[in-house]
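To start, the structure under review is shown below, and the notes come after it.
The values are calculated or read from the model by the stated rules, or taken from the named source; none is laboratory data. Source: prediction; values computed, not measured. Note: ideal-geometry Cβ built from the backbone for every residue, glycine included; neighbour counts use all protein chains shown. With ligands, DNA and RNA removed, areas are computed over all heavy atoms of the protein, side chains included. Shrake-Rupley method; radii C 1.70, N 1.55, O 1.52, S 1.80 Å.
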Amino acid sequence: MGKVWDRQTANPMEYRLMKVLLFQLDGKLPNVALMRLSHHCRSQGDSVEFRWTGSPQRELWDSPDKVFASAIFEKTRPAVERLKAEFPGVSVGGTGVDVASSLESLGIETKDQDYSIYPNFRQSIGFTQRGCRLRCPFCVVPRKEGAMREEQTVWNLWRGDPWPHELLLLDNDFFGQSHWRERCEEMRTGKFKVSFTQGINARFLTDEAAESLASLDFRDDSMSRKRIYTAWDNRGDEERLFAGLQRLVRYGIKPDWIMVYILVGYWPGETTEDRLYRWRKLRDFGARPYPMPFVRTKELLGFQRWIIGAYDKRITWADWQAADYRPENLG
């Protein structure tokens with residue numbers, strides 16, 4: 001016998017061992033919540049089947065007792081509705097459907113993760129901290145994760161031998177935790193490659209933090225190249241942002257190793273000139289700008305494509321607009 005959760009009271013009830021079907025509907029990285037859910041179910045003796053697809057459907061042989069799914073992006077909602085039609089009663093969580101959803105609301109407290117549902121994934125993934133010091137109006141992290149708190153050490157996150165010393169950190173405010181120095185020392189001592197996938201807040205970097213970051217083997221999420229991720233969300237942050245970027249460069253981080261996400265389409269009154277100004281400043285600095293549209297309009301997606309495709313290095317914005325934001329129309 002195992003335990004299941006009463007959705008009204010969240011109280012555990014006895015039940016027979018079950019067939020559990022898990023769906024990851026979006027995202028390019030392994031889903032930690034589903035990994036934790038799978039570990040919990042298997043620890044109870046349940047069988048677990050996992051599918052990673054944006055087009056969920058019921059197979060002829062499907063007869064699950066329980067279906068869970070995760071959607072982290074709002075644009076995934078059509079897939080969520082399709083899944084609900086295929087599996088009435090499915091439990092769907094994630095920021096794409098409900099910011100307040102959590103495993104804890106289901107009575108699941110474990111931080112142990114079932115990596116077997118991602119058999120081709122070699123890295124270790126997770127959090128050393130949750131929450132954020134800031135309360136940015138466009139960000140769901142404060143509502144989703146709450147106040148700043150520490151989660152796990154680097155050695156707790158690592159899967160152990162024979163897996164490589166490679167970490168994908170999902171921390172939203174790594175240097176906001178009080179023990180970031182200890183975490184950095186663990187990375188150095190263990191000779192870990194680490195990807196700060198959610199970025200670091202360059203606006204608040206001290207010299208000590210910048211020097212410590214430069215001493216790490218920081219990577220992109222494929223572990224194939226040097227990369228630091230950060231963001232420029234508001235033009236008014238220019239002075240503090242570039243002070244942080246200059247600190248990184250001062251301690252040996254090359255500008256080309258820095259990718260800066262540019263929030264576009266959020267602030268009232270934002271203009272094309274505002275977007276071009278931030279793009280131009282980052283290109284002149286030598287960093288890699290990466291626009292992130294808050295709303296997916298044709299122009300904003302075209303602006304994103306112009307830059308991440310490096311068309312901006314050889315084609316003017318005016319010519320790109322005239323080509324309807326498509327390279328095949330350039331002639």
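Just for region 41-51: of the residues that are in contact (Cβ under 8 Å) with a residue 40 or more places away in the chain and part of a strand (DSSP E or B), which one is most open to solvent (accessible area, probe 1.4 Å)?
Initially, region 41-51 is screened for residues in contact (Cβ under 8 Å) with a residue 40 or more places away in the chain, giving 42-46, 48, 50.
Imposing the further condition that a residue be part of a strand (DSSP E or B) reduces the set to 48, 50.
On the way: VAL48: 24, PHE50: 42 Å².
Within region 41-51, the match that is most open to solvent (accessible area, probe 1.4 Å) is PHE50.
Restricting to region 145-188, count the residues that are aromatic (Phe, Trp, Tyr), over 27 Å from TYR261 (Cα atoms) and surrounded by 16 or more Cβ atoms within 10 Å (Cβ to Cβ).
Initial filter on region 145-188 (aromatic (Phe, Trp, Tyr)): 155, 158, 163, 174-175, 180.
Narrowing further to those that are over 27 Å from TYR261 (Cα atoms): 155, 158, 163.
Remaining after also requiring surrounded by 16 or more Cβ atoms within 10 Å (Cβ to Cβ): 158.
Counting residues in region 145-188 that are aromatic (Phe, Trp, Tyr), over 27 Å from TYR261 (Cα atoms) and surrounded by 16 or more Cβ atoms within 10 Å (Cβ to Cβ) gives 1.
For region 132-144: of the residues being of a type in the set (D, E, K, R) and surrounded by 11 or more Cβ atoms within 10 Å (Cβ to Cβ), which is nearest to HIS179 (Cα to Cα)? Step through it out loud before you land on a result.
To start, the set of residues in region 132-144 that are of a type in the set (D, E, K, R) comprises 133, 135, 143-144.
With surrounded by 11 or more Cβ atoms within 10 Å (Cβ to Cβ) added as a condition, the list becomes 133, 143-144.
Values: ARG133: 14, ARG143: 23, LYS144: 22 Å.
Checked region 132-144; the qualifying residue nearest to HIS179 (Cα to Cα) is ARG133.
Taking only region 14-40 into account, find how many residues are at pLDDT 95 or above and over 20 Å from PRO56 (Cα atoms).
Final tally of qualifying residues: 3.
Residues in region 86-100: is at least one in a helix (DSSP H, G or I), of a type outside the set (Phe, Trp, Tyr), within 22 Å of VAL20 (Cα to Cα) and open to solvent by 40 Å² or more (accessible area, probe 1.4 Å)? Outline the logic, then answer.
At the first step, the residues of region 86-100 found to be in a helix (DSSP H, G or I) are 86.
Now narrow it down to the ones that are of a type outside the set (Phe, Trp, Tyr): 86.
This time we only want the ones that are within 22 Å of VAL20 (Cα to Cα), so: 86.
From what is left, the residues that are open to solvent by 40 Å² or more (accessible area, probe 1.4 Å) are 86.
Yes - at least one qualifying residue is present in region 86-100.
Do any residues in region 239-263 that are touching a residue at least 40 places away in the same chain (Cβ under 8 Å) have Cβ atoms under 6 Å from those of residues that are of a type outside the set (D, E, K, R) and open to solvent by 60 Å² or more (accessible area, probe 1.4 Å), where the two are at least six apart or on different chains, and which pairs are they?
Qualifying pairs under 6 Å: TYR261/TYR290; TYR261/MET292; LEU263/MET292.
Going through region 298-329 one residue at a time, which ones are assigned to a loop (DSSP other than H, G, I, E, B) and open to solvent by less than 60 Å² (accessible area, probe 1.4 Å)?
First, pick out the residues of region 298-329 that are assigned to a loop (DSSP other than H, G, I, E, B): 309-310, 314-316, 323-326.
Scanning region 298-329 gives GLY309, ALA310, ILE315, ALA323, TYR325.
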